[in-house]
Every structure is written in structure tokens, then in C-alpha cells.
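A short worksheet on the structure shown next.
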């Protein structure tokens, strides 16, 4: 078990207090939300988080309805950790912790209903329903009562490339830092 630093504890406590009620309202595990937020934002120290106040690194193409955001910011992001390939993407901005968690919930509940263009594709591409992505979302939501399993499967709904190691990072963060205490 890891002992969080003071900064890490502050990050967890703030997001649990201000965003946790939104996750709970949607019957989603707060601990998995915190694990994802802490990994994706590097404990709130990442450049994208600093620009967006959204620790989930959610991306939104202009013609995709969910998650709803007041603004996006285009930033370079690493899309492959092995090759370090980078591309520009539109990242959702949030106005508060609660707003960011609401966006995360919307992402989860609408995943697969509409897809945006590839990062270098035309932005006017029409909405496309993706059965396999919807099935992944349904399977993930069935794990809500098992936070570690839920966290381990978050990669299946667009949080990272579809490789097992991505989900392991979220589940490991959840267990190493005993984040279930926030549920």
C-alpha cells in the first residue's frame, strides 16, 4: 500500500468532496473516479488538466452531443505511450470539480452512441452508433459495485488504448492508495 503525499491527499479529498456526490448520484464508484482522475491528470499536475480543470482528459468533437462542455481547448497529446506518437485533440474544459465529474458520468452513460472523426478526419462527420462500444459500456456499468474491477475496465470505454496495462494502472492506483474509503 502506498502512502499519499500531502498534495496527493489534498487532490483526492478535494475531488471526493466536490465531485464525489455527482458520481454517487449516478451510482458510480467514487474510488474509480478518483483513480482515473489521479492517473490521467498526474495528480492534478498535468498540462492538460492545468488548461482544462478536467482531470479525465475527455475529448469532444464539435458535433458530438456528450459530454456537454462550455468549451474545448486543442492540445497535443500522446496517443501511443510506446512510440510516443502525438496528435492534437479537443479537450473538454470544466468550470468546477462537480462539472468535470458530471462530464465523466455523461461520457460513461453515452459511450458508443456517437463517434467523432479520427483526429485528422473531417469535423462534420455524422454521428455513428457503435454496437461494440455500447456493449463495452454496458459491461463496464455492470461492474459498478466492484470498484477495482470497474477501474480495471475503464480503458474499454475510451480511457487509453485497448491494452490490459491501461486498466491495470487505474485499478492499481485504486488499490495501492486504498481509494475505496471514498466510496
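The values are calculated or read from the model by the stated rules, or taken from the named source; none is laboratory data. From a predicted model like this one, the values you see are computed outputs, not experimental measurements. Counting neighbours? That spans all protein chains shown, and the Cβs are built from the backbone with ideal geometry, glycine included.
The table below gives the values:
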item	result
Any chance residue 56 is under 29 Å from residue 21 (Cα atoms) and in a strand (DSSP E or B)	no
Residue check, residue 22 at pLDDT 95 or above and part of a strand (DSSP E or B)	no
Residue check for residue 43: within 17 Å of residue 151 (Cβ to Cβ) and part of a loop (DSSP other than H, G, I, E, B)	yes
Residue in segment 80-98 that is part of a helix (DSSP H, G or I) and either farther than 25 Å from residue 168 by Cβ or at pLDDT 95 or above (or both) present	yes
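The rows are residues; the columns are (1) modelled with pLDDT under 95; (2) surrounded by fewer than 15 Cβ atoms within 10 Å (Cβ to Cβ); (3) touching a strand residue (DSSP E or B) at 6+ places or on another chain (Cβ under 6 Å); (4) farther than 30 Å from residue 9 by Cβ.
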{"position": "129", "(1), (2), (3), (4)": "yes, yes, no, yes"}
{"position": "133", "(1), (2), (3), (4)": "yes, no, no, yes"}
{"position": "147", "(1), (2), (3), (4)": "no, no, no, no"}
{"position": "165", "(1), (2), (3), (4)": "yes, yes, no, no"}
